[in-house]
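Data first, discussion second: the structure below is written as structure tokens.
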Amino acid sequence: MEEREGEVRWDGLCSRDAATRAAALDTIGQAVLRRTETIAPVAAVPPTRAADGLLVPAARDGLSEVLARLLMLSKRCPFPDVREKSEAILSGVQELGIRIPRPLGHGPSRFIPEKETIQVGNEDAMMHALFADSFAALGRLDNVTLVMVFHPQYLESFLKTQHYLLQMDGPLPLHYRHYIGIMAAARHQCSYLVNLHVNDFLHVGGDPKWLNGLENAPQKLQNLGELNKMLAHRPWLITKEHIEQLLKTEENSWSLAELIHAVVLLTHYHSLASFTFGCGISPEIDCEGGHTFRPPSVSNYCMCDITNGYHGVDEIHASPTGSIPVKSVCEVEALMEKMKQLQECRDEEEASQEEMATRFEREKRESMFVCSSEDEESAPARDVSRHFEDTSYGYKDFSRHGMHVPTFRVQDYSWEDHGYSLVNRLYPDVGQLLDEKFHIAYNLTYNTMAMHKDVDTSMLRRAIWNYIHCMFGIRYDDYDYGEINQLLDRSFKVYIKTVVCTPEKTTKRMYDSFWRQFEHSEKVHVNLLLVEARMQAELLYALRAITRYMT
């Protein structure tokens with residue numbers, strides 16, 4: 001929201017000091033009262049309701065945006081004083097006969113029942129500290145955070161990295177960072193992330209004209225469009241020539257440090273779009289699609305739900321465990337038995353290097369035939385597509401139509417030995433932050449699988465990670481790719497490939513169809529593996545091209 005001459009200031013609410021928050025809340029309450037006075041006289045005194053039961057609209061003078069923000073604070077702020085006062089301000093507005101908003105949807109995710117997520121106000125001390133950190137840094141507690149908090153150790157690392165990329169000292173100015181976030185999220189039609197960063201872009205002084213379309217942004221940012229689309233959809237095509245073009249375009253050239261910052265931001269937001277769609281993240285309460293000024297309908301379901309991602313009543317109300325086929329009852333036990341057998345085979349004999357290479361090629365080839373059942377072409381919405389060029393460009397398997405892309409061998413260029421040091425040299429501390437985040441996601445375990453405890457899940461986690469890298473043509477010489485087919489069934493592969501390659505096509509049905517006996521927290525953990533494996537794969541291709549340019 002664009003604040004009018006500082007009349008409504010939200011910054012004080014992010015303070016850790018209760019007195020500062022109280023003063024800010026009083027100021028906000030007075031500002032809201034002044035705005036309601038321009039509307040309230042329309043409602044007769046005492047306030048009367050219209051024939052349809054609706055109160056006077058609050059659209060005038062930007063009041064509706066302020067009320068939506070207060071609604072969000074009343075539900076999502078980690079500080080109880082802010083939640084209570086925001087609710088009190090809304091009640092006062094309603095008593096004046098002015099319509100106030102209500103949330104749409106149920107909880108931070110459309111795929112996970114609200115009762116199974118952490119409720120703000122009921123979190124433990126560790127989670128509260130994370131929530132407070134997130135709120136202090138961003139001025140909100142977003143739905144991504146409320147789903148990621150299933151895994152607090154990872155969330156802490158994620159928030160630290162994102163804060164550094166967006167807000168700490170770095171090669172790129174703040175408004176460029178948010179605009180690059182918009183460009184990256186738009187490639188996957190992720191209006192959730194686009195909306196958040198449009199607000200942040202304006203908040204740090206970005207030019208609103210840039211939001212009319214990429215062609216209105218500086219040429220330097222427009223030049224990033226080609227790298228953005230290739231990283232998002234076909235990173236194996238990136239060459240040192242693409243890097244050279246960005247670094248040598250005279251007055252619009254990028255420095256190496258700026259380019260590293262931009263590449264990390266692009267890969268971060270491509271991957272975060274995967275998480276957003278993979279976990280069915282709902283629109284933020286104060287963003288479009290997150291609230292309505294209409295009263296609840298009789299069925300509590302309306303056309304606005306459809307336009308905001310609800311695809312049918314059955315998908316909204318269906319419980320993922322409501323009708324589990326008999327065969328899935330043994331799903332977990334069967335998977336654990338396969339892991340045990342594979343471990344025994346490993347102990348008995350090791351496949352030759354030739355056989356390992358053959359199995360990789362077979363898995364890479366088979367991954368091309370895994371496609372989402374919803375694999376139709378869909379045109380991106382205009383409000384998102386204006387932030388990038390070449391809307392027809394999307395994911396294509398790298399070996400289709402006779403094209404042959406050489407295998408990317410990790411022994412020749414790896415994150416640990418090459419990428420990490422390059423990033424850390426050109427953008428200090430970021431290599432360290434990314435490395436920590438990759439390791440936490442990859443090694444994260446509670447030694448559980450569904451209802452079973454004391455289980456070593458390392459084999460399964462490695463299979464998921466390496467399958468994603470295999471889809472990107474990246475090979476680990478010491479890994480037996482025959483394990484992937486043993487451990488990942490077809491419905492799980494469809495989900496993985498969709499979330500990683502075409503996240504905008506992910507459906508609740510896909511989410512529900514894999515690992516049906518597992519906890520939602522375990523499915524969120526899968527999504528963290530997908531996010532980090534995808535980000536690392538994109539980074540490896542971009543950083544290898546930068547290294548080749550430099551040598």
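The values are calculated or read from the model by the stated rules, or taken from the named source; none is laboratory data. All values derive from a computational prediction rather than experimental measurement. All accessible areas refer to the heavy atoms of the entire protein, side chains included, with ligands and DNA or RNA removed. Shrake-Rupley method; radii C 1.70, N 1.55, O 1.52, S 1.80 Å.
Here are the numbers for this structure:
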quantity	calculated
Linear extension gain, His128 paired with Gln222, 0.36 nm per residue minus alpha-carbon span	29.8 nm
Cut-off under 5 Å, modelled amide H: who pairs with Leu172 long-range	none
Integer Hz, Karplus 6.51/-1.76/1.60 couplings in order for region 440-455, x for Gly and Pro	4, 4, 5, 9, 4, 7, 10, 6, 10, 9, 6, 8, 9, 10, 6, 10
Per-residue SASA entry for Thr239, accessible area with 1.4 Å probe, Å² rounded to 10	50 Å²
Long pairs among Lys75/Lys523; Lys338/Lys493; Lys493/Lys523, criterion Cα-Cα beyond 21 Å	Lys75/Lys523
Apportionment of accessible area to carbon and sulfur, region 190-302, percent (1.4 Å)	48 percent
Other-chain or far-sequence residues with amide H under 5 Å of Trp254's (modelled H)	Leu247, Lys248, Thr249
